[in-house]
Structure formats: structure tokens, C-alpha cells
Amino acid sequence: MTPSPAIHTYFLKRLIAGVFTLNLMVIGMIWVALQNSKSHHEEQAAITTRNISRVLDENLSGIFSKTDIALQVVCDEAEHQLKQGVIHEDMLNNFIIRQHSRLPELVSFRATNAFGDAVYGPRSKVTTTTSLAHRDYFKLLRDNPGNRLAISKPLIGGISGKWMVILARRINAPDGSFAGLVYAGLGLEYLTQSFLNLNVGANGSITLLDTDLSLVSRYPEAASTGSEIGKKHGSRQFHELIKEGKTTATYTANSSVDGMKRIFSFRRLANHPFYIITGLSTRDYLSGWRSEVFEMLLFELFFCVSTIIFAWRFHQEWDKNRIAQQAVYALNAELEERVTERTKSAENSSQTLQSILECMSDCAWALDSNQRFTYCSPNVEKLLGYTPDEMIGKSPYNFMDDEEEYRVRSALEETFLHKLRIKNLEHYSISKDGRKVLLVSNAVPFFDDAGNLEGYRGVDTDITEQKRAEEALRESNDRFYRIFNNAPTMMSISTLEEGRCLEANKRFSEISGFSREEIIGKTFVEAGLLTGAERNKIVSAIRSNNYVNDLDLTYYSKSGFQMIWKYSGQMIQLDGKQLLLSSSMDITEQRKLELQLLHSQKLDAVGQLAGGIAHDFNNKLTVILGCVELTHMDIDNPAKIREYLDEITTAAEHSQQMTMQLLGFSRQQAVMPIVLDANSCIAETRKSLSHLIGEHISFTFTPENNLWYIEIDPVQLDQIVMNMTINARDAMPNGGVFSIETHNVTFNQEQSKQRIGTLPGDYVCITFRDTGTGIDQNTLEHIFEPFFTTKEQGKGTGLGLATVHGIIHQNRGVIEVSSVPGKGTTFTVYFPRHHEHPQDNHTDHEAVQSGSGSILLVEDEKALRETSALLLQKIGYTVHTAESPGKALKIAADLTLGLDVVFTDMVMPEMNGIELVERIREVRPNIKSVFASGYSTEFPTGEQMAHHTVFIQKPYDLKKLSGILKNMIA
Amino acid sequence: MARILIIDDDQQVLKLFVSFLTREGHEVVTAEDGKRGIKLLTDQQFDLVITDIIMPEQDGLEVLMWLRKQPDRPKIIAVTGGSVSIDQELLLKTAGFTADIAIPKPVNYSTLTGAVRELLPEQEK
């Protein structure tokens, strides 16, 4: 690894930091030592000042005490003399001089009389001119008779002219009155001189203050000492300490006199009103310490320089090492890289080989010259179940049974003898679990330098499964051909494009008439089996889907017989080629049978229809017949009879509707289309539908405003709406929404193309929508077929939607249906728009209209003929009846009879109604005619519809008939 | 005097049969379908049941099936609507059970009352 420049910088920083820290530590130590030393010096100075102060206290107190004792002695002498009567001036003078001589430090020593005149003392110097009466101490002692020492402020002696302090005592007369005082002047110069003996250094100071803190004396004397005496003195700190009541203390302050910083100790004299302050200048007592500081700084400088030099040298050494190390690292790295590369390469090779061996399903092995395994790849375990360790040292023959060993040894005899390669030797080995494993071996011999065989290296491949698969394939192919040949359907294999037959089975030959030999090699078209067009159907279907199922194709047998084959084909891979495998069934017979079946089914359907209708009809007939019976029984009860007749009418009307529906389905109903507004027609029907549909279904009708008119029989429209409603109801057993909507729509060319049976133009659209069960796609395809019903037996005839479809188709309309199972169904009906406006023809039906005229009634059924005649006569007509066309012709030939109308049945023996009328018109050309029929197909075509002709559907009602006749004859 | 239940989906037929049978002095109860008929048969006692075969909801065959399981059942007249042969065949197919009398529609007074009389001779006055 190579030290990077970053490491170099890091090292340098650390080195500098180390040097700096070391020096900082040394400086710290020096600083601490110096601080201790300074403290020590300061402490020593404080002690010195305190000692000096104490010494001075003792010294000054001694001086003051000695002086006071002298004053006391003189005072006693003077008072003694006064007690004797008078002071003997000489005696006292001498006494004073004697005392003064003992105290040379006193500048003056005298006594005054009561007036302050210093009259006693050394004579030569006595002067009377000087009075002390103005002095404070004089006044103090004169006015206070107590026995006390008075000390004055510093003053200049009136006699000596020197600065001094006066110490005085009162002399009392024998009566206690003031007789004068004794005083001594202590020269300040003496006090100052006494300070000189004490060592306070070059810049020290000693100061004496009185209790007013006024300067008494100071050493050294300042230039202005004289003027300073008596003034307030001392630093701020000193004043504060005094205020605190301290009598002794030490402090540091700047001198109030010369501003120099000193350490001071002050002390109040024990028995006298003075403070002594001793100060040592910091300049003096720290001079030694300053030398120490200088020395220490010098040492530190030396140390610092030494460490820097050392560090520099160390760095240089380190840098050299670093460069050398870098070189070593580079070499190491290169070496390592090479080693890694080689190791990786070796590992890769080994891994590659190992991977290959593991991935191979084969087992690699090596045999020595004695045919013992010296190596087996791990895959041997997969092949035989033995681990390589279990294999090594053993012979391949150890894993074979005797028979196989013998076979293999024989097979390899030649190979080993000539030291040849082993090529694709198949042999069985017995696996660990006893299976027979089929292996194929390939191996090459290897030799030593002298060319002697050392052994074989080779690979074993397990081909058990492969052999089994080949076997299975062979069997499968055999089976395929057996099935192919014996299949009950016609089968062939051919090319797709050409249709050239490559193989055909027995059945194919049987049906087509072509033997296998005849058809193989030919194309089916060449053989005349099918036409090119039919063949193309197969090819195009196969091309799009690769297979085709159930294609009905026309084939021709060898003898030319036409057949229908149901063809299925699929592309298969056979022998590496894409070929068409065809399978066909001859369904010619089946088709014939289907046609027959279809026909019989139709008949069956008619039978079912008849059964259904018969049930309903029989019900109604039961009612009619029963009521007739009851009428007979209650013939005398008109009210009852009317009731029975109403029942009969209802039953008959119901029967009429059934007939209409049946005929409507078969399109044989006599329809009478009129121009109408579908909205009002649906609205009318809707009233009765609400009851039909039930309360659990919400029923809405949304009509389009200004809906176009359509032309349709209103009964048919009712039928459509009715059927749709019933279907919707049945589709919503659990309730839902049923809605009818009407719209005007216009189809363009494109839209009309999408709806088979419509032309471009205007249409009225009626939509029926329910939210019911819906219809699946399969059912949707059949819903319009007759008899198709999903309802339970007896619940629907299967005619509803078929009827609807028939009606719509009859009226040139179309119907569409869309449905989502589970969501609902929508039927949409389109009728072409009719541009004429509707006529009001309802009035005809409103009531029976009476009229007059002559009618020839032709009806072969007696009951009907008689009933009709009776009814027509009742409403005012003259009626001639004929039971047959022959009879009718006879009546018509009688021109004396005034006949206005022939009212004839359509179907009669001899001739039908139309022929009859034609015959009658030969003699009565202007006679009008009314035809009655139960079947619409019996109605004449347009050509036959001559003027003055009307048709009426049986059964007819009197109201309708009376209206027709009234219009006709009017 | 008998108590008779008539089951038919056609209101007119019901009304007519009621007229026929009340005229004969019987007490008549009606039901419009098989389901309601079975309900009435469960709740009440009847001497005779006259039932149509083809009806909505449960039809006449179901009524017959139900009645067959009842230990003490009334007499039964099945009124068959359509072709006699088809309905009779259906009746026979219902597990070998048939009504006591099957009469085809249209039914007239004498047929119905005659059948009732045949089945309930002791009820005649």
C-alpha cells in the first residue's frame, strides 16, 4: 500500500500539533511556576511590610511613651510646686532641662503659664512673645480638666520654626484650675530619619498618619513634603479598610503620592492616635521574579527552537522512510496484482472445468493402465449413485453383471491391444440402487514420455432415457399408423399447397373407392375427388388458423357419386415436414336424415301448438257450453240469463283473440293497417298492461313529441306491446324497470346498410327496455323462432316473439335486440314513417248503427246464417238468406227483388265467395259485396278487389258489421 | 252435501264450476293455482278436489303428487284441458298415480255433477 499525499499532510499536521502542544505545555508549566514565584514574592513583600509596620509601631510607641513620661514628671513637679504656693521658675526650668536632656529627639520641651506663654524651660531660648493660647491642644487642655495627653496636628514650631508634633499635658493648680501646660515638640525630621534605618527598598515608602488620616510624616520625602503635611492622605483601598474598622491590613494599591504600585501594610499604633503605613514597591520586590521570568522565557525560547529543529529532522527522516515505503508498496502491489491475476486465472480455469463437469449430464473419468478409476467427476453420483471416492480404485467391470462384463471385455479386446480410442461403446452399468443404466463411453488413451500407455480418459453419457424415448417414439409411430389405418373416419396425409396425397387409410379407400395405391402420389383434384374451389376452402381455412374443424365439403367417389363429407384438418410435423392430416366423415346419409327430422319436427311443432291452443279453447268452450246449460236451467230468470250471456261473450272474445294471435303468427290474420300515432296507441294499451305487469315492476313510457305516423293494424301494434311486456315481466321475477320509449330516426345510406331490411329514410323507433335476467348469445340467435321458449311448460307457447317478428316484418319494419345477461334486454323496433295523417275511424265501432236496405246473406253454416239474419233484421235491414251459392244465384236472378249488398261467406261448397259475387254481378253489376272469412289467405288479391267490396274477419261483431253496411248503402 | 275444492287458473271456469256445484248443494272453495290449492288442502278438510292439470305456479300434476303422499286424502277429479290422450298419458306417468276420475274439457254440467255423484254417493241428499 502506498502512503498517499493526504497521509503526508496528515503526518505534518500532527507533527506541528505535537511540537506546538509540547511547547504549550512547557509554557504552561513556566507560567504556573512564575505565578507561584510571583505569589511567593508578593507574600514575602506583604510579610516584610507587616513586620516593618510592627517594628515602627513599637519604635514610635516607645518614643511617644518616653516623651509622655517626661511630660508627666514635669507636670507632677509643677503641680507639686504650686501646691507649695508658687512655681519656682528656676527650679522648674532646671527640672525641664534635665528631662529634655534625656530626650534629645525632642525639638522643644517647655511649660506655659495659664495664659499660654511658654515661660518655663531652657532660659536662653525662652521667649515670652510667643503665646500658645491659640493652639488647639492648649485650648483642649485648658477647657478639659481631665488628666490626659494631648497631641497636636503637625505644625511648625513657633520658636524652632521646625515641623513637629506637640505632646502636652495640663498642669492643674491645687484647686484644680488650669495653671498651664507642659509640652514637648517631637520633630518630624527625627521621625523621618528613624524610618531610614528600615529597609523598604529603593522605591519603598513609610507614612505616618494621624487618626484624621492627615499626613504626619513620610519617607521618602516628596519634593513637596512640606505642603503635604497635615493634608488627607492614603489610597482609596486604605480608606475603605479604615471605614471597615480595620486596625491592621495588607493591600496592593497605587500610591496616592507618586502613583507607584506598591504592597502596603498599615497598623494603628497601640496607644497613640497614629497609623503607620509601610509600602514596598512592586518594582523592588518583583525584580527578582522578573529575572526569573526572563530566564524562563529564555529557556522556553531555547526549548521551542530545539523542538522545532528536532521535529524538522524527524519529518525529514519520516519523509525519507515514506518515499522508501512508497516504493516498497508499489512493488508489493504489483506483486500482489500478478499473484491475484494468476490465482484468478487458475481459479477460473478450475471453476470453468468444474462447472463444465457439473453442468454436463455426462461423467468424466480416467483409468490407469490396469483399468482402475483414478478420477471420476462428481456427476457419477447422478448417473450411478456412487460418489467419486467410491468409484476410484475400482474397475468399470465391478459395476457390470457377468454377461455384460464378458460382452464389453470382448468388444474392447482389440481396442486395448492396439491402444485405440473407445468410440460410442454402449454398455449397461448397475447403479447403486440396482438400476440398469445404459451408458455410452468415449475415451482416448494417454501415454508417458516413453510412449507407454498410462491409461484412458473419457466420458460416459447416460442414454437410458434417450433409448426409452426412442423406443416410445417408435411405438408411438406404430400406434399412430395402426390408428390411422384402422380409424373409422377417412384419414389422409397430404401436402398443403398441392394437396398431393402421401398416405390414406382403409376407410378412405372404402368410401372414396380409390385404393391406397391409386390415390397416393396424386392430388385430390387430379383424382377428381373434389373440385379446386372446395379444395381452396380447406387451404384458406388452414392458412388462417393452422387447423379447420367440421367443414362440410362436397366430394365425388371414384364412380362419380356425390357425397357430403364433414372435413377436419390440422398441420402436423411428420418426418421433418409440415403436412396436412385430414380426417373426414361421410355425412351424406346423416344430412338426408336431418332433412327428414326437420320436417318431422315441424309437424311435431304444429302438434304442440294445437295442444296448447286446444287447452285454452277447451276452457272457453267449457264456459260457453256450461253457460248455455245454465241458461236453459234458468230460462225464466232474465237477470241470470244476462249474466250467463256476458260470460259467454267474454269467453268468445277471448277465443277470438287466440285465433287472431295464431293467424297473426302464420300471417294469415286479416290485418287492417291504418295510419296511426303509435304514442296514443301504446298509451291506450299501457292502461291494461299495468295490471298485467304487476306492482313489483316499475313501468315507464316516454313518448317522443310530434312522433311521426306509421301504418299498421292497431291490433298488431297491441300484440307487439303486449308480447314485449309479458316477456319483460317474465324476465324480471324479482322486479325491475320496464320502459317503452318512442323516437323519430332517419337512416342514411350507411345506417340502412347495417340494418337488413331497411332503406334510407325516416322511421319511427319504439324501444322496449327491461332490467331483467338478460339473454345469452346462444339463446339470442333463436328467440324469434316459432315455438322457441325458455319458459316452463305451459307458461308460454313460444309464439310471442315469433308473432312479433312476423308482424314487424309484415309491416316493413325491423326489430333489433341487444342483451347483457344479468343486466337486461333491449328490443328496438323500427317502422317506416307514413306521411299521411290518420283518419278518425273509431266512430264506426262505437255503437251498433241501424240502417235500411236489402241484403242477400249467403252462409252455409245454419246457426251463423240464422243468427246473422236475425241481427241484421233487428237493426232495420231486409234480409234474404241463402244456404248455398246456388240458392244465392237464384235469389239474385230474381230482379224483382231490390238487393243492395251481397254478404257472403268466403269458403263454401260449390264455389267460393268471390266467384259467387262475380256471377251475381253478371246480372246485377252494381251490387255491393261484403266478404266474411276466418282466414286472411282467402281474401282476394288487389285485382280481384273490385269496387264496392269490403272484407270482414270472422268472427265479426254487430257493431263493426252495422257500420260497414251503413257506409256501404249510404 | 260435500265440501269441494276447485283448482283452476281460468277464472271463468272456476266461476262456472262453482255455479254447477252450488246448484247441487255443495260447499265450494276455489284456488287459482296448485300452490294455493295445496295450502288450502293443508289447512282445511275437503271431501273432493277438482283440479285442472296445466296451470301456472304448481300445476295439477304437482297437486296430485302432493295428495298421493297424504294418508287421508280427499277424492280427486282431474279436469284435463287439451287432448285427452296427452293429459292421460301425463297422469299415468306420475309414478303410477291417477286421479279417481279424469274428465276432459269442455266439461258440461251433467259430466261434472255426474262424476261428483259417482265419487261421493253417500253425500247425496
Requested in this report: Only bridges with both residues in the protein assembly as shown count here: give the DSSP antiparallel percent, nearest 5.
Outcome: 75
Report task. For an R0 of 56 angstrom, estimate the FRET efficiency from the Cβ-Cβ distance between residue A:751 and residue B:40 and round to the nearest 0.05. Result -> 0.45
Report summary line: Place a point 7 Å from the Cα of residue A:578 in the direction of its beta carbon; the residues of segment A:529-572 whose amide N falls under 20 Å from it are A:535-549, A:568-572
**Report entry** With all protein chains modelled, accessible area of residue A:891 [1.4 Å, Å²]
**Finding:** 30
Requested in this report: For chain A, give the percent of accessible area contributed by carbon and sulfur heavy atoms, probe 1.4 Å, rounded to a whole number.
Outcome: 54
Query raised in the report: Given the pairs A:874/A:954; A:139/A:162; A:823/B:39, which span a C-alpha to C-alpha distance of over 26 angstrom in this model?
Result: A:823/B:39
Requested in this report: Could I have the simple spin-label model distance between residue A:10 and residue A:212, label points 7 Å from Cα toward Cβ, reported in nm to one decimal?
Outcome: 8.1
Query raised in the report: To the nearest 0.05, how large is the calculated FRET efficiency for residue A:421 and residue A:479 if R₀ is 35 Å and r is the Cβ-Cβ distance?
Result: 0.30
Report summary line: Honestly segment A:1-108 on the Cα gyration tensor test (a ≥ b ≥ c root eigenvalues; a/c under 1.5 rounded, otherwise a/b vs b/c for prolate or oblate) is just prolate
Query raised in the report: Among all the lysines, which ones have a C-alpha under 24 Å from residue A:506's C-alpha, if same-chain residues fewer than 8 places away are not counted?
Result: A:522, A:558, A:566, A:577
Report summary line: A student applying the Cα gyration tensor rule (rounded when a/c is under 1.5; otherwise prolate if a/b is larger than b/c, oblate if not) would label chain A oblate
Query raised in the report: For residue A:833, what is the net charge nearby, where nearby means another residue's Cβ is under 14 Å from its Cβ and Lys, Arg count +1, Asp, Glu -1?
Result: -4
Query - Net +/- balance of residues flanking residue A:458 in space, Cβ distance below 12 Å, scoring K and R +1, D and E -1 - result: +1
Requested in this report: Would you please state which residues of segment A:540-569 a label at residue A:533 would reach in this model, taking the label point 7 Å out along Cα→Cβ and a backbone N cut-off of under 20 Å?
Outcome: A:540-542, A:551-557, A:560-567
Report task. Within the set of other residues whose C-beta is less than 10 Å from the C-beta of residue A:200, count the net charge using Lys and Arg as +1 and Asp and Glu as -1. Result -> 0
Query - Length gained when the stretch residue A:646-residue A:333 is fully extended (0.36 nm per residue, less Cα-Cα span) - result: 100.3 nm
Report task. At 1.4 Å probe size, with every protein chain present, just tell me what the per residue accessible area of segment A:701-757 comes to in Å². Result -> 49
Report summary line: The simple spin-label model distance between residue A:325 and residue A:743, using points 7 Å out along Cα→Cβ, in nm, is 9.3
Requested in this report: Could you tell me whether segment A:1-59 comes out rounded, prolate or oblate from its Cα gyration tensor? Rule is a ≥ b ≥ c as square roots of the eigenvalues, rounded for a/c under 1.5, then prolate if a/b exceeds b/c, otherwise oblate.
Outcome: prolate
Query - Residues of type aspartates and glutamates that residue A:344 reaches as a straight line, Cα spacing below 17 Å, ignoring anything fewer than 8 places off in the same chain - result: A:334, A:336
Query raised in the report: On average, how many beta carbons from a partner chain sit within 10 Å of the beta carbon of a residue in B:100-112?
Result: 4
Report task. Considering only protein heavy atoms, with the full assembly of protein chains and a 1.4 angstrom probe, order A:561, A:831 by accessible area, largest first. Result -> A:561, A:831
Report summary line: Beyond 23 Å (Cα-Cα) in this structure, taken from A:928/A:966; A:959/B:105; A:890/A:928; A:153/A:232, we find A:959/B:105
Query - R0 of 25 Å, Cβ-Cβ distance residue A:887-residue A:969: FRET efficiency to nearest 0.05 - result: 0.65
Report task. Mind ranking A:272-279, A:175-182 by how tightly packed they are, going by the mean number of other C-beta atoms within 10 angstrom, highest first? Result -> A:272-279, A:175-182
Report task. Rank these by accessible area, largest first, 1.4 Å probe: A:19, B:116, A:737. Result -> A:737, A:19, B:116
Query - Where labels lie 7 Å past Cα in the beta-carbon direction, separation of residue A:139 and residue A:153 in nm - result: 1.1
Query raised in the report: So between residue A:850 and residue A:526, what do we pick up on full extension, going 0.36 nm a residue minus the alpha carbon distance?
Result: 108.2 nm
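The values are calculated or read from the model by the stated rules, or taken from the named source; none is laboratory data. This one's a predicted model, so the numbers in the text were calculated from it and none came from an experiment. Positions of Cβ are backbone-derived with ideal geometry, glycine not excepted, and every protein chain shown enters the neighbour counts. Surface accessibility is based on the protein's heavy atoms, side chains included, excluding ligands, DNA and RNA. Shrake-Rupley method; radii C 1.70, N 1.55, O 1.52, S 1.80 Å.
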